[in-house]
Structures are given as structure tokens and as C-alpha cells.
């Protein structure tokens with residue numbers, strides 16, 4: 001029903017407007033009697049074999065929703081009804097920011113992809129914390145954090161620390177987003193020495209805060225466009241800092257082998273590519289990290305998961321958990337159930 005009827009109608013309208021409309025609709029219908037229960041019963045798969053213990057956390061299943069979908073922590077309870085094992089909010093920055101000028105979100109329907117240059121648009125950490133204070137504790141929530149676009153290089157670390165300290169009591173794990181291509185001035189965040197400095201600073205703060213509450217796992221989100229030398233550096237960074245894991249991968253700036261015309265791509269211009277076109281690329285990054293490190297650290301796989309087989313490919317490559325985003329938009333909410341069912345059948 002989704003792909004035959006709902007998606008064609010939604011795809012007639014501007015992607016960003018559709019996103020806001022969908023959020024308002026889900027917020028409304030979930031307030032109606034029995035709707036939440038009906039959605040849960042139709043989309044959730046529960047089985048002990050789906051549970052994953054990672055970072056000191058117990059995930060009820062290995063399928064999560066990637067950052068960027070519910071960046072402002074507006075709908076995590078309602079989205080959890082679709083059977084996700086965890087939901088990642090953000091990217092959250094210290095100050096609220098509008099992001100890049102619109103139009104900034106584009107569908108590549110022929111490629112089953114999306115190009116976005118949102119630019120970390122979010123309500124700021126203070127407002128987002130207030131939304132998390134009365135959260136449902138039955139769903140694991142990750143906090144994806146970043147820097148404000150206008151912050152100068154000397155302020156980068158402090159931006160991450162501000163978000164980390166504010167969100168620490170309210171999320172279950174953290175992701176340092178150092179690989180988004182849409183916010184400018186990211187060169188420093190790609191530097192190995194600075195990454196070690198940043199991770200060390202956040203880990204130090206984690207130890208201080210853990211005196212009041214439990215410490216939080218910290219992960220690093222990397223790009224799918226890294227070469228083998230850069231991936232070797234990521235492995236070395238993980239080893240040096242003992243960070244808890246890696247998310248592979250973010251959106252891509254690569255435009256190779258797309259069905260979408262060059263004319264259309266020239267109109268869209270810059271932005272991060274997600275969806276089917278980066279599926280193989282992200283899987284290869286996972287495979288390289290897992291093989292080269294002898295699977296010495298956990299990996300969350302994301303990028304182009306549009307089917308159960310796509311998810312299984314990433315798990316076979318070395319991912320411990322997976323996240324969906326663009327596939328959720330193209331394939332619909334049944335995708336979560338289909339993936340979990342396929343994982344159970346394989347087991």
C-alpha cells in the first residue's frame with residue numbers, strides 16, 4: 001500500500017515539506033485511542049534472538065533509525081512504534097540554527113537516493129534536552145552531536161562538549177559527527193591529530209559526568225568516501241583513543257554511476273548523497289574496517305539499506321547493528337519488520 005499509493009502522492013510535493021507534514025500527521029494519529037497499539041502490533045517483531053548487547057546496552061533488535069530523520073527529538077516515541085531497536089536524534093548543535101538556504105533536499109527517484117545539504121538545521125541543544133526529559137525509557141536513543149556552522153576552529157571542541165554535557169543524562173549513547181559534507185569548514189574534523197584530541201576531550205568529560213550517572217558509549221561517524229589510507233587512520237584512532245565504535249557511513253559527495261541526468265545534478269549542485277547509490281560503498285567500508293582491525297571494535301552500518309538483503313550484507317561484512325534512513329522513505333515503515341524477520345530466519 002505504501003509504495004503503490006502513499007509514496008506516489010507524497011513524492012508529488014517538496015521533500016522537506018512532506019517531512020514536516022508526515023511528522024505532524026504521525027504526532028496527531030498517535031494521540032488517537034488504540035492507534036499506537038495497532039501500529040506496534042503491525043510493525044514490531046519481538047524475539048530474544050534479535051537482542052544485541054553492545055556498549056553495555058541491550059538493543060531489543062539490531063535495526064535503528066539513523067540521525068537526521070528526527071533531528072529535533074520531536075517524534076522518537078511515535079517512531080519507536082514502527083519496531084526500531086534504537087533511534088538516533090540530531091545532529092544537535094549548541095545553538096539553534098536554520099541550516100542552509102532552501103531548497104536543500106532533493107529526491108533522485110531513478111537512483112532511489114536523496115541529496116541533502118540541510119546544514120545541521122536544528123532547534124539547539126537546550127530545547128532538544130527539554131523534549132527528552134520525559135522520554136520513553138523503553139527505546140534506546142542516541143545523541144548525534146556536532147558544531148555550529150559559524151563556530152571558528154578554536155571553538156569546535158567546546159561545541160561538542162556543550163552538547164555532550166547537556167545531553168548526557170538523557171541519551172544512551174553519543175555519536176561524534178565529523179563527516180557531514182553540508183556544514184562547511186570541516187577540514188579540521190578530518191585531521192587525525194585533531195580527532196584524537198576531540199575524542200580524548202569528550203572521553204574526559206564522560207568520566208567526570210559518570211560520577212553522577214552512568215558513562216555513555218561514544219562512537220565516531222565517518223564518511224563513505226575515505227580511501228584505504230584514511231580508513232587505516234580511523235582504525236589507528238580507535239585503537240589509540242579506545243573509542244567505543246564507528247558508524248559507517250555518512251552521506252557521500254561522490255556522484256559516480258548515477259542514473260539521474262547530469263543536467264539534473266547540475267541544478268541540484270552540492271550536498272550529501274544517501275540511499276541505494278552508496279549501498280556498496282558503505283558496505284565496503286564496513287568490510288575493510290572489520291577485516292583490517294580483526295573486528296576489534298563494534299560497527300553500526302548505514303547507507304543504502306532498502307531491503308532485508310541490504311541489511312544482511314552489512315551484517316555479513318561486519319556490522320553489529322544497522323540503521324536505515326533513505327530506505328525508510330522509499331520502502332516505507334514495513335522495512336523494519338522485514339529486516340528483523342530476515343535476520344530471525346537466517347539465525
Kindly indicate whether any position in the range 1-15 is part of a helix (DSSP H, G or I), within 16 Å of residue 105 (Cβ to Cβ) and either at pLDDT below 95 or in contact with a strand residue (DSSP E or B) (Cβ under 6 Å, 6 or more places away or on another chain) (or both). yes
Can residue 231 be described as under 22 Å from the mean Cα position of the chain (by Cα), in contact (Cβ under 8 Å) with a residue 60 or more places away in the chain and part of a helix (DSSP H, G or I)? yes
Out of the range 259-271, which residues are surrounded by 15 or more Cβ atoms within 10 Å (Cβ to Cβ) and either farther than 23 Å from residue 183 by Cβ or modelled with pLDDT under 95 (or both)? 260
Residues of the range 276-311 satisfying the condition of being outside any loop (DSSP other than H, G, I, E, B), buried (at least 18 other Cβ atoms within 10 Å of the Cβ) and without any contact (Cβ under 8 Å) to a residue 40 or more places away in the chain: 279, 283, 286, 287, 290, 308, 310
Inter-residue pairs, beta-carbon under 7 Å, first without any contact (Cβ under 8 Å) to a residue 40 or more places away in the chain and in the range 197-215, second part of a helix (DSSP H, G or I) and surrounded by 12 or more Cβ atoms within 10 Å (Cβ to Cβ), 6+ apart: 215/206
It is to be established whether one or more residues within the range 27-38 are in contact (Cβ under 8 Å) with a residue 40 or more places away in the chain, touching a helix residue (DSSP H, G or I) at 6+ places or on another chain (Cβ under 9 Å) and part of a loop (DSSP other than H, G, I, E, B). yes
Filtering the range 320-347 down to residues that are free of Cβ contacts under 8 Å to residues at least 60 places away in the same chain and either closer than 12 Å to residue 62 by Cα or over 18 Å from the mean Cα position of the chain (by Cα) (or both) yields 338, 342, 345, 346
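The values are calculated or read from the model by the stated rules, or taken from the named source; none is laboratory data. Quick caveat, the model's predicted, so the values are computed rather than measured. Because the Cβ atoms are built from the backbone with ideal geometry, glycine has one as well, and the counts that use them run over all protein chains shown.
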